[in-house]
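Participant: A single structure is presented below for examination.
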Amino acid sequence: MARVETSSSRPYHLVIFGASGFTGQFVVEEVARTVSEGPNGNLKWAVAGRSKQKLEKVMEQAAGVLSKPELRSEVDIIVADVEEPDSLAAMCKQAVIVLNCVGPYRFYGEPVVKACVENGAHHIDICGEPQFLEGMQLNYNSLAADKGVYIVGSCGFDSIPADMGVLYTRDQFKGTLTAVESFLTVGSGPDGGVIHDGTWQSAVYGFADGPKLQGLRRKFNHKPLPSIGSKIKRRGSLFFSNEIQQYTVPFMGSDPSVVKRSQRFLVEENQATPVQYGAYAGIGGIGNIIKLMFAGMMFWFLVKFSFGRNLLIKHPEFFSFGLFSKAGPTRKQMEASSFQFAFYGEGYTEGEDPSQGKPNAKIRTLVQGPECGYVATPIAMVQAALTILNESTALPKKGGVYTPGAAFAKTTLVDRLNKHGIQFSVI
């Protein structure tokens, strides 16, 4: 069982590492909103990062936004740097859970995971980089199990809505669910929507390192998961989706790999029936297709060379047609943005044998919520942390490196998210 109590030597339930980063600011504000949801209605927390001055500014801004002047003096500041292992160790020794907001994780993530495992702190990140997530599983799973530490990756928009959405669909289905496809659509207001370039950097380096990911996966020696029911059909690289009534492409994020890892865990640990998964994202009409083709061709060409990657990193707005920017979205843009995942599942009704004949039942569910990157992501991350603190007996029996679906399958995380504006429903 997870150790989740504070003590005189481990005074904080949560330490937000990278609190002065773009996303970190919004995680700080979300933690400040939810202190009453901590164990026994109390949450002890601190912020951490390289610069005390920048962290003080973060708390100043949070105090103003939330009209909570006490944040300026009541929240402790810890100075810690990824390049100084001793400072990370000192930070981890004081925390029950470290909320790690320092990306790209492929460059800055492992020292924090290592420090957490060695010093007995649980670790939650909002990573959407499969190479990092799977590398941590390969390198730290057994060490984390020995220490009773839970390392739970991808606890933001990547990939809680998709991973928990598949499990929610399975739990709502009356029978044996065998396949699910998800279709993501994103809405924005009159000012449009923008993503901070930290995510763009992760994508650039992720695509460049694609071959390394394949090599990493071979090291697991996984047997293929059994296919129950009809094999899910892979769709084309661009198609018109009748489900969401717009042109659609395969979803390029971490969701498919995270969901597959969750399904493997549930098959191996709980003898569950595996759910096949396909993930897609709507891109709109013809104008967006033309933009995507131009941006895609430039991206694929440039990402192969170091000079090209440097250009992509230097000029995110130009190469993404304004979708990514170094400034990130304004609060006004965030307030007007939203996301929706539509899940289409099929399977066999109770009493039917999944090994015989085609699936005979369907289900449709939705997961919808506010702006993806800086509103939904902090909500998901903080609720994941509160679930560990409040429901340690419902977590897997031993520590390890887990996906959200593996860690939280038996908890009330979905109910918690519903109360905070990330809505799960059956249609």
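The values are calculated or read from the model by the stated rules, or taken from the named source; none is laboratory data. This is a predicted model, so every value here is computed, not measured. For neighbour counting, all protein chains shown are included, and Cβ atoms are generated from backbone atoms with ideal geometry for every residue, glycine included. The accessibility values were calculated without ligands, DNA or RNA, using every heavy atom of the protein model including side chains. Shrake-Rupley method; radii C 1.70, N 1.55, O 1.52, S 1.80 Å.
Participant: For residues that are of a type in the set (S, T, N, Q) and open to solvent by less than 10 Å² (accessible area, probe 1.4 Å), scanning just region 378-419, find the one that is nearest to Pro256 (Cα to Cα). Don't jump to the end; show me each part of the working.
Facilitator: Narrowing region 378-419 to residues of a type in the set (S, T, N, Q): 383, 387, 390, 392-393, 403, 411-412, 418.
Checking the rest, the ones that are also open to solvent by less than 10 Å² (accessible area, probe 1.4 Å) come to 383, 387, 403.
Working: Gln383: 22, Thr387: 24, Thr403: 12 Å.
Selected residue: Thr403.
Participant: Of everything in region 1-55, what is open to solvent by 10 Å² or more (accessible area, probe 1.4 Å), among the hydrophobic types (A, V, I, L, M, F, W, C) and not in a loop (DSSP other than H, G, I, E, B)? Give them in sequence order.
Facilitator: The answer is Phe22, Phe26, Val35, Trp45.
Participant: Taking region 353-377 only, how many residues are of a type in the set (Gly, Ala, Ser), under 25 Å from Asp191 (Cβ atoms) and in a strand (DSSP E or B)?
Facilitator: Here is the first cut: in region 353-377, the residues of a type in the set (Gly, Ala, Ser) are 355, 357, 361, 369, 373, 376.
The next check asks that each one be under 25 Å from Asp191 (Cβ atoms); those that pass are 369, 373, 376.
If we keep only those that are in a strand (DSSP E or B) as well, we get 369.
Summing the residues that are of a type in the set (Gly, Ala, Ser), under 25 Å from Asp191 (Cβ atoms) and in a strand (DSSP E or B) in region 353-377 gives 1.
Participant: Separate question: Go through the residues of region 173-184 one by one and say whether even a single one is out of contact with any strand residue (DSSP E or B) (no Cβ under 7 Å at 6 or more places or on another chain) and open to solvent by 10 Å² or more (accessible area, probe 1.4 Å). Explain how you work it out, then say what you get.
Facilitator: As a first pass, look at region 173-184 and keep what is out of contact with any strand residue (DSSP E or B) (no Cβ under 7 Å at 6 or more places or on another chain): none.
No, the conditions are met nowhere in region 173-184.
Participant: Hey, among the residues in region 330-367 that are of a type in the set (Val, Ile, Thr) and under 21 Å from the mean Cα position of the chain (by Cα), which one's surrounded by the most Cβ atoms within 10 Å (Cβ to Cβ)? Before the answer, list the steps.
Facilitator: From region 330-367, those of a type in the set (Val, Ile, Thr) are 330, 349, 363, 365, 367; that's our starting set.
With under 21 Å from the mean Cα position of the chain (by Cα) added as a condition, the list becomes 365, 367.
Numbers: Thr365: 23, Val367: 27.
Taking the candidates together, the pick is Val367.
Participant: Could you tell me which numbered condition Ile244 fails, if it satisfies all but one of (1) in a loop (DSSP other than H, G, I, E, B); (2) more than 29 Å from Val414 (Cβ to Cβ)?
Facilitator: Among (1) in a loop (DSSP other than H, G, I, E, B); (2) more than 29 Å from Val414 (Cβ to Cβ), the lone unmet condition for Ile244 is (2).
Participant: Continuing with the same structure: Given the conditions (1) assigned to a loop (DSSP other than H, G, I, E, B); (2) open to solvent by less than 30 Å² (accessible area, probe 1.4 Å); (3) closer than 25 Å to Leu395 by Cβ, report the number of the one that Leu225 does not fulfil.
Facilitator: Of the numbered conditions (1) assigned to a loop (DSSP other than H, G, I, E, B); (2) open to solvent by less than 30 Å² (accessible area, probe 1.4 Å); (3) closer than 25 Å to Leu395 by Cβ, the odd one out for Leu225 is (2).
Participant: Here is a follow-up. Any residue that is open to solvent by 10 Å² or more (accessible area, probe 1.4 Å), closer than 22 Å to Phe183 by Cα and part of a strand (DSSP E or B) - is there at least one of those in region 320-329?
Facilitator: Yes, region 320-329 contains a residue that is open to solvent by 10 Å² or more (accessible area, probe 1.4 Å), closer than 22 Å to Phe183 by Cα and part of a strand (DSSP E or B).
Participant: Applying the selection to region 197-217, what residues are among the charged types (D, E, K, R) and free of Cβ contacts under 8 Å to residues at least 24 places away in the same chain?
Facilitator: Let us first name the residues in region 197-217 that are among the charged types (D, E, K, R), namely 197, 209, 212, 217.
Residues satisfying the conditions do not exist here.
Participant: On to the next question. Quick check on Val267: is it β-branched (Val, Ile, Thr), under 30 Å from Ala406 (Cβ atoms) and either surrounded by 18 or more Cβ atoms within 10 Å (Cβ to Cβ) or under 21 Å from the mean Cα position of the chain (by Cα) (or both)?
Facilitator: no
Participant: Among the listed residues Val102, Val96, identify the single one that is modelled with pLDDT of 95 or more and part of a loop (DSSP other than H, G, I, E, B). I'd like the intermediate steps shown before the answer.
Facilitator: Details: Val96 fails: part of a loop (DSSP other than H, G, I, E, B).
Of Val102, Val96, the one residue that is modelled with pLDDT of 95 or more and part of a loop (DSSP other than H, G, I, E, B) is Val102.
Participant: Just to be sure, is Pro316 more than 22 Å from Ser182 (Cα to Cα) and open to solvent by less than 50 Å² (accessible area, probe 1.4 Å)? It would help to see each step written out before you state the result.
Facilitator: Numbers: more than 22 Å from Ser182 (Cα to Cα): yes; open to solvent by less than 50 Å² (accessible area, probe 1.4 Å): yes.
Considered against the rule, which asks whether it is more than 22 Å from Ser182 (Cα to Cα) and open to solvent by less than 50 Å² (accessible area, probe 1.4 Å), Pro316 comes out as yes.
Participant: Among the residues of region 128-169, which ones are free of Cβ contacts under 8 Å to residues at least 60 places away in the same chain and surrounded by 24 or more Cβ atoms within 10 Å (Cβ to Cβ)?
Facilitator: Within region 128-169, just Phe132 meets the criteria.
Participant: Listed residues Glu74, Glu70, Glu84; which is more than 29 Å from Pro111 (Cα to Cα) and not small (Gly, Ala, Ser)? Please lay out each step first, then the result.
Facilitator: Values: Glu74 fails: more than 29 Å from Pro111 (Cα to Cα); Glu84 fails: more than 29 Å from Pro111 (Cα to Cα).
The match here is Glu70.
Participant: Still on this structure, I have one more. Could you check region 217-275 and list, in sequence order, the residues that are under 22 Å from Ala342 (Cβ atoms), among the hydrophobic types (A, V, I, L, M, F, W, C) and touching a helix residue (DSSP H, G or I) at 6+ places or on another chain (Cβ under 9 Å)?
Facilitator: Step one: of region 217-275, the residues under 22 Å from Ala342 (Cβ atoms) are 229-260, 262-263, 274-275.
Of the ones still in play, those that are also among the hydrophobic types (A, V, I, L, M, F, W, C) are 232, 238-240, 244, 249, 251-252, 258-259, 275.
Residues satisfying the conditions are Leu238, Val249, Phe251, Met252, Val258, Val259, Val275.
Participant: Condition check: in contact with a strand residue (DSSP E or B) (Cβ under 6 Å, 6 or more places away or on another chain) and either over 15 Å from Met252 (Cβ atoms) or aliphatic (A, V, I, L, M) (or both). Does Ala295 satisfy that?
Facilitator: Working: in contact with a strand residue (DSSP E or B) (Cβ under 6 Å, 6 or more places away or on another chain): no; either over 15 Å from Met252 (Cβ atoms) or aliphatic (A, V, I, L, M) (or both): yes.
No.
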